[in-house]
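The values are calculated or read from the model by the stated rules, or taken from the named source; none is laboratory data. Note that the structure is predicted; figures quoted are calculated from it, not measured. As a convention, Cβ positions derive from the backbone with ideal geometry for all residues, glycine included, and neighbour counts pool all protein chains shown. Heavy atoms of the whole protein, side chains included, go into the accessibility calculation; ligands, DNA and RNA do not. Shrake-Rupley method; radii C 1.70, N 1.55, O 1.52, S 1.80 Å.
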Amino acid sequence: MTKTELDTYWNAGLTYAAYQAEWERQLTEKPADKEARKMQHYRRYNAERTQMVEAEFVPSDETVAAMASISRAQKWLVLTEDWCGDSAVLLPVAERIARDAEQVDLRILPRDEHLDLMDQYLTNGGRSIPKLIAMDAETGEELFTWGPRSDAAAAKFLELKATGIEKPQVVAGLVDWYAEGGWKTAESELAMLMEANRRG
């Protein structure tokens, strides 16, 4: 990604506060049809899960050290949507880390409004979210990507799927795993990626 491209996406992105404000606005709307009612249900449920992670998550000493090791500014772009269950518990972790790291800033891009970028970061051919893209703020060079799930979450999903249960049950099982603290596995992965890409 060129510096100009990075700046274009960055300027189109939402701060976490703006993203949450838009989320709250959509929760006040009256759904027009069955599909809209389903999305509204996901948004409301995800808002509760996000609030739970925000209340519980405190970066570990290892993560704080990784944040402090970054010597050059980074910009993190996150492609996501508020109806995404994985994002509900993973985005707050990334946002808190970015907020506490002096050299990291984060912006959120609604996936469906930025498919040109999303299609450069497919997962097994799919537009899976959340997807975090970390860039060198000065050059636009890609440093690392992360998502749509931690390795542990992806393994749990495959484990549940291998049992032969229907997809809604697989998703419910993953949600339960997140609720039991599985979302915390995102922190260690992001800390390792920051440490590996701290830039001297």
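Summary of values
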| item | result |
| --- | --- |
| Solvent-accessible area per residue, Å², over segment 136-178 with all protein chains present [probe radius 1.4 Å] | 55 Å² |
| Gap separating the Cα centres of segment 52-124 and segment 11-39, nearest whole Å | 19 Å |
| Options 118, 64, 36, ranked by Cα towards positive dipole end of segment 1-122, top entry (Cβ charges) | 36 |
| Helical segments meeting 20 Å axial Cα length and Kyte-Doolittle -0.5 threshold in the chain (DSSP H) | 85-100 |
| Pair residue 68, residue 51: separation of 7 Å Cα→Cβ label points (nm) | 3.4 nm |
| Burial order of peptide ranges 4-17, 32-45 (average beta-carbon count within 10 Å, highest first) | 4-17, 32-45 |
| For the chain, size of Cβ-based charge dipole, Lys and Arg +1, Asp and Glu -1, in debye | 440 debye |
| Residue among 134, 79, 109 farthest towards the positive dipole end of segment 68-137, charges placed on Cβ | 134 |
| Fluctuation leader among 59, 92, 168 - the chain, Gaussian network, Cα springs under 10 angstrom | 168 |
| Fluctuation leader among 60, 150, 69 - the chain, Gaussian network, Cα springs under 10 angstrom | 60 |
| Most mobile of 106, 117, 90 in a GNM of the chain (Cα contacts under 10 Å) | 117 |
| Rg/Rh for segment 89-132, where both radii come from Cα atoms and Rh is the Kirkwood radius | 1.03 |
| Share of carbon and sulfur in the accessible heavy-atom surface of segment 84-200 [1.4 Å probe, %] | 46 percent |
| Over the chain, relative contact order from alpha-carbon pairs under 8 Å, at least 6 apart, % | 27 percent |
| Those aspartates and glutamates that a straight Cα-Cα span of less than 15 Å connects to residue 131, excepting residues fewer than 8 apart in one chain | 81, 82, 86, 95, 112, 113, 116, 119, 142, 151, 187, 189 |
| Solvent-free Debye scattering, log10 I(q)/I(0), computed from the Cα coordinates of segment 113-196 at q = 0.13, 0.19 Å⁻¹ | -0.52, -0.97 |
| Accessible area per residue, Å², segment 8-93 with all protein chains present, probe 1.4 Å | 51 Å² |
| Size of charge dipole - segment 22-98 - debye, nearest 20, with Cβ of Lys, Arg +1 and Asp, Glu -1, no other charges | 240 debye |
| Entries in 75/156; 34/75; 3/156; 34/161; 30/75; 75/167 that, when Cα-Cα distance is taken, lie over 32 Å | 34/75; 3/156; 30/75; 75/167 |
| As computed over segment 61-200, the Cα convex hull volume per residue (Å³) | 110 Å³ |
